[in-house]
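Inspection log for the structure reproduced underneath, given as structure tokens.
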Amino acid sequence: MHLKNRLHVLILSLLIMIIASLSHAGEYSISDFSSVIGRNTGYPSGTTVHGMTKTGNLDLILETTVYAKNLELVGVGIEGETFIGSLTPLRLRYRPHNQLTMEAGALLGYDFGDGSNYDEVEPIVRLVYQPGNHTYVVAGTIIRTHSIHDAIYNDSAAFNENAEQGFQFRADYDNFKQDFWINWRIKEEETISERFDTASVTQLLIGDFQVDAQLLLRHTGGQKNNEDKVEFNTAFLFGGSYGFLKGATVPVLKVLEEVRIGAHFIGSSDDPDDQSGLPASDGNGLEGTVVFRTKPSKDANVQIFGSYFNGNDLIARAGDPIYAKDEYVQIGTNLVLNLAGGLIFELGAIGQFIDGTFTHTEQMYFSWGRGFIIFKGI
């Protein structure tokens, strides 16, 4: 290795050790196999033991995630919250054709300690059509593991909102990734307005450069209800990042899969109902990020990251309320371990400075999934 590259690796190693000494994990899950948590594109199998079933097979898919996430947000005017529970999408999966998959079952959500039965029982009815090798059209229960920024769509929605139902298009190429969806949140009734989200996440890779474009429109309205409410909220993001030092060797963390630095502009447009008395408003913010993705061993992944956000009246109703603040700094890491039997363990915590006040978030996930063949070649 040339002297210049050695100096780069040494400097990055020092930065990694400094960041790691401040916190020990990340705010959102980075698991990429699940159909209910984490972030991915394409059509995730939800199984850790084996992937998609063969054409003609009928499978029973057992998938579950047990989670604990603590948002300790004292002193910043935002209510903290602790989520402890499980998400279990139990379903049958049938592939009548190599381009068509059908799923039916139920998403069972349970909050530990509340003394009730399952808190969420949502039907899973999903049709997935694959027009090309890496493109998917999803109808029914869509896949909610969107790779979208927290400022636009809060990852904690997976713990306290219903399953997403509607339509979705996903593309998962090496150099192009797309997730477009419509989530019908509430059907219009006589006393309540309809509510739905329309969103798009686009990622384009050009060499070591990545271009990001994201949009989410949250609408409340309708024509046949006496609530007589019409509201629009739009949040969007545009920016990019640059990755380098792929495959370099660093102390302790061994293989440095990638270092990526980025900058993004985040904006919002809020048009509340006229009866609310609130004015329409626009907001914006700039965020700079740095991410270290490393692989200490074949069964372990560590992500170390930091970001700085400076905002001005950003109002994204589906996003994390932290980003409504004027200044937000975060430093954290994620640890993901592949354990015996296909069990995946993820541990995280993050140090946050919100308008100069220190807060923190911790999280832990145990995830497992497997498909059991019921009938072959139906």
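Any idea which residue in region 49-83 is surrounded by the most Cβ atoms within 10 Å (Cβ to Cβ), counting only those that are among the hydrophobic types (A, V, I, L, M, F, W, C) and either touching a Cys at 6+ places or on another chain (Cβ under 6 Å) or under 13 Å from Ser156 (Cα atoms) (or both)?
Applying the filter and picking the extreme gives Leu71.
Provide a single number: the residues in region 60-84 that are in a loop (DSSP other than H, G, I, E, B) and either within 18 Å of the chain's Cα centre (by Cα) or aliphatic (A, V, I, L, M) (or both).
Going through region 60-84 one residue at a time, the tally reaches 4.
For Asp150, state whether it is touching a residue at least 24 places away in the same chain (Cβ under 8 Å), assigned to a loop (DSSP other than H, G, I, E, B) and of a type in the set (Asp, Glu).
Considered against the rule, which asks whether it is touching a residue at least 24 places away in the same chain (Cβ under 8 Å), assigned to a loop (DSSP other than H, G, I, E, B) and of a type in the set (Asp, Glu), Asp150 comes out as yes.
Given the condition outside any strand (DSSP E or B), under 22 Å from Gln203 (Cβ atoms) and either aromatic (Phe, Trp, Tyr) or touching a strand residue (DSSP E or B) at 6+ places or on another chain (Cβ under 9 Å) (or both), answer yes or no: does some residue in region 246-260 qualify?
There is at least one residue in region 246-260 that is outside any strand (DSSP E or B), under 22 Å from Gln203 (Cβ atoms) and either aromatic (Phe, Trp, Tyr) or touching a strand residue (DSSP E or B) at 6+ places or on another chain (Cβ under 9 Å) (or both).
Test Ala158 against the stated conditions and say whether it is at pLDDT below 90 and crowded, with 20+ Cβ neighbours inside 10 Å.
Working: at pLDDT below 90: yes; crowded, with 20+ Cβ neighbours inside 10 Å: yes.
When the stated conditions are applied, Ala158 passes them.
Here is a yes/no grid of residues against (1) free of Cβ contacts under 8 Å to residues at least 24 places away in the same chain; (2) touching a strand residue (DSSP E or B) at 6+ places or on another chain (Cβ under 7 Å); (3) among the aliphatic types (A, V, I, L, M); (4) buried (at least 16 other Cβ atoms within 10 Å of the Cβ):
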| position | (1), (2), (3), (4) |
| --- | --- |
| Gln275 | no, no, no, no |
| Leu278 | yes, no, yes, no |
| Gly285 | no, yes, no, yes |
| Val290 | no, yes, yes, yes |
| Thr294 | no, yes, no, yes |
| Ile304 | no, yes, yes, yes |
| Gly311 | no, yes, no, yes |
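If I filter region 102-109 for residues that are crowded, with 16+ Cβ neighbours inside 10 Å, out of contact with any helix residue (DSSP H, G or I) (no Cβ under 9 Å at 6 or more places or on another chain) and under 24 Å from Gln203 (Cα atoms), do I get at least one hit?
no
So which of Gly332, Gly319, Gly348 is surrounded by 15 or more Cβ atoms within 10 Å (Cβ to Cβ) and either under 16 Å from Asn284 (Cα atoms) or touching a Lys or Arg at 6+ places or on another chain (Cβ under 7 Å) (or both)?
Within the list Gly332, Gly319, Gly348, the selection yields Gly319.
Return yes when Ser367 is loosely packed, with under 15 Cβ neighbours inside 10 Å and either in contact (Cβ under 8 Å) with a residue 40 or more places away in the chain or more than 28 Å from Lys246 (Cα to Cα) (or both) and no when it is not.
On the way: loosely packed, with under 15 Cβ neighbours inside 10 Å: no; either in contact (Cβ under 8 Å) with a residue 40 or more places away in the chain or more than 28 Å from Lys246 (Cα to Cα) (or both): yes.
Answer is no for this residue.
Pick from Gly277, Gly341, Gly319, Gly356: which is within 22 Å of the chain's Cα centre (by Cα) and not hydroxyl-bearing (Ser, Thr, Tyr)?
On the way: Gly277 fails: within 22 Å of the chain's Cα centre (by Cα); Gly341 fails: within 22 Å of the chain's Cα centre (by Cα); Gly356 fails: within 22 Å of the chain's Cα centre (by Cα).
Sole residue among the options that is within 22 Å of the chain's Cα centre (by Cα) and not hydroxyl-bearing (Ser, Thr, Tyr): Gly319.
Just for region 135-144: of the residues that are at pLDDT 95 or above and in a loop (DSSP other than H, G, I, E, B), which one is nearest to Val36 (Cα to Cα)?
To start, the set of residues in region 135-144 that are at pLDDT 95 or above comprises 135-143.
Filter once more, keeping what is in a loop (DSSP other than H, G, I, E, B): 142-143.
Details: Ile142: 10, Ile143: 7 Å.
So, considering only residues that are at pLDDT 95 or above and in a loop (DSSP other than H, G, I, E, B), the one nearest to Val36 (Cα to Cα) is Ile143.
Can you pull out every residue in region 153-168 that is of a type in the set (A, V, I, L, M, F, W, C) and not in a helix (DSSP H, G or I)?
Ala163, Phe167
Output the residues belonging to region 161-196 that are basic (Lys, Arg), surrounded by 15 or more Cβ atoms within 10 Å (Cβ to Cβ) and under 26 Å from Asp111 (Cβ atoms).
Arg185, Arg195 - these are the residues of region 161-196 that are basic (Lys, Arg), surrounded by 15 or more Cβ atoms within 10 Å (Cβ to Cβ) and under 26 Å from Asp111 (Cβ atoms).
Scan region 158-214 for residues that are among the hydrophobic types (A, V, I, L, M, F, W, C), more than 30 Å from Thr64 (Cα to Cα) and within 16 Å of the chain's Cα centre (by Cα) and report the count.
Of the residues in that region, 1 qualify.
For region 23-48, name all the residues that are crowded, with 22+ Cβ neighbours inside 10 Å, over 26 Å from Ile373 (Cβ atoms) and at pLDDT 85 or above.
Thr41, the sole residue that qualifies.
Taking the residues in region 49-59 that are at pLDDT 85 or above and not in a strand (DSSP E or B) as candidates, determine which candidate is nearest to Arg91 (Cα to Cα). I'd like the intermediate steps shown before the answer.
Applying the first criterion (at pLDDT 85 or above) to region 49-59 yields 55-59.
Adding the requirement that they be not in a strand (DSSP E or B) leaves 55-57.
Numbers: Thr55: 17, Gly56: 16, Asn57: 14 Å.
Looking at residues that are at pLDDT 85 or above and not in a strand (DSSP E or B), I get Asn57.
Taking Ala199 as the residue in question, decide whether it is in a strand (DSSP E or B) and surrounded by fewer than 16 Cβ atoms within 10 Å (Cβ to Cβ). Working first, answer last.
Values: in a strand (DSSP E or B): yes; surrounded by fewer than 16 Cβ atoms within 10 Å (Cβ to Cβ): no.
Answer is no for this residue.
Residues to consider are Phe232, Phe180, Phe236; find the one that is within 30 Å of Gln275 (Cα to Cα) and at pLDDT 95 or above.
Phe236
The values are calculated or read from the model by the stated rules, or taken from the named source; none is laboratory data. A quick note: this is a predicted structure, and the numbers were derived from the prediction, not measured. No Cβ is skipped: glycine too gets one built from the backbone with ideal geometry, and neighbour counts run over all protein chains shown.
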